[in-house]
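Reviewing the structure listed below.
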Amino acid sequence: MTPPDGDPFDDDSAGMFGGMFGGMFGDMFKMLGQGPVHWDTARQIAATTATSGRTESNVDPLVRIEFSEMTRIVIPHLHSVTGIGDLATLSTWEPIPVTAGTWAARTLEDYRPLFTDLATALQPGQAGQPGQPGQPGQPGESPDLADDTSDPFSSLFANLTGMIAPMTMGMTIGSMVGLLARKSLGQYDLPLPRPENREFMLVPATIDTFAEQWNLDTREVRMWTLIRELVLHQLFAIDSIRTSVLDLVRQFIAAFRPNPNAITEKLSSIEVENPADIMQSLQKILGDPEMLLGAVRSVEQDRIQPQLDALLGLVLGWSDFMTDQVSTRILGNTTHIAEAARRRRIENGEETAFVEKLLGLHLNRRQVDRGRQFVTGVVERAGIEGLQPIYQNPSALPTPSELDAPGLWLARLDITDDA
């Protein structure tokens, strides 16, 4: 007889069946039960997707030296233009040229807390908690269907879903990061803060491919990309900015409401008249990360989204504005590079689809334009010094309405118009 706390697949306690199935099922259940995310699966999927299964060559040491020399050139101009931080600290920052596979591995580790939050929010039983949106009976929310134990088959399905959830989450996160790694030029193609570090990543092979595809000068594109990464590295080094962005993203993630029956419900609604339509519908369902993970958007997320959009728009617009200012000093007219990079960023397709759905990040032209027009409007009225409150106090960050009307923001903070 199996001891109360024993392993049901233990060879000694399960007799003949233990010997037959112990190794196979015991290892499988241990693998499925590794917390909310199966990280080994995430790492394997991310590496395979990022590299397309091929072995990558190490970055040429001469390329490393070139980026390091470029950084020494950029830092004084960056400090002069933005007026943020002190030159001594900025001068310690170092570029780390990496391969796509290394980018994927570091990104998984850097954003592990966010992905863990996401997996935890999507575990059955998270919806309907006291005092939380999603409680059964609230308008616009879905009840937690995993709690319905009236049907034994539903209960069995819910239990199996819970068991394979870490593996599914690992596959989804690994695929998302791997797809991003294929096209990322540097550390902040996904514009989220990373753990504080004086080092920042660049992906030389992808940068050079981008330059070749758009018929741009390779050395200029390397310099421009380095400037963009340094600008964002500088912005996210500010505590109030990094904390505000991460807090809103984590609030958005926590507001997901799990529905473990989502796939079953969608599959049962597929029309069976045309086999081709069935396969197309099936691919669409299984290709939707929200559906695959049973993630149901909530009313709380609808409330958070405008705030997150405004903050992300500010980050993207600010970084574009400052990148243009610094790159013009060093390279002259870089409009052609900037426009190619912006078009590339908002046309990534599936590479950003998972991010938009699961992290609430809208990486589109409208977001960039809103933020850039805000920064430009402030600078035109109050000079570049007029942006200083943004770096100093989270309460000074523009609201969604103020992002579209910089004059309102200046008036709220009582910033004098230079004109």
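Stretching the chain fully between R343 and D40 yields a gain of 105.7 nm (0.36 nm per residue, less the alpha carbon separation). Charged neighbours of Q251, selected by a Cβ distance under 13 Å, balance to -2 (K, R count +1; D, E count -1).
Tell me, what is the FRET efficiency for D86 and I164 to the nearest 0.05, using R0 = 35 angstrom and their Cβ-Cβ distance as r?
Working: r = 51 Å, r/R0 = 1.45.
Computed FRET efficiency for D86 and I164: 0.10.
Taking a point 7 Å from the Cα of D239 along the Cα-to-Cβ direction, the residues of the stretch 89-114 with backbone N closer than 20 Å to it are 89-90. Between I73 and R412, the simple spin-label model (points 7 angstrom out along Cα→Cβ) gives 4.1 nm. Potential lengthening of the chain between N58 and D404 amounts to 120.0 nm, from the contour at 0.36 nm per residue minus the alpha-carbon distance.
Laboratory data are not the source of any read-out in this text; all were calculated from the coordinates shown. This is a predicted model, so every value here is computed, not measured. We place every Cβ from the backbone using ideal geometry, glycine too, and count neighbours over all the protein chains shown.
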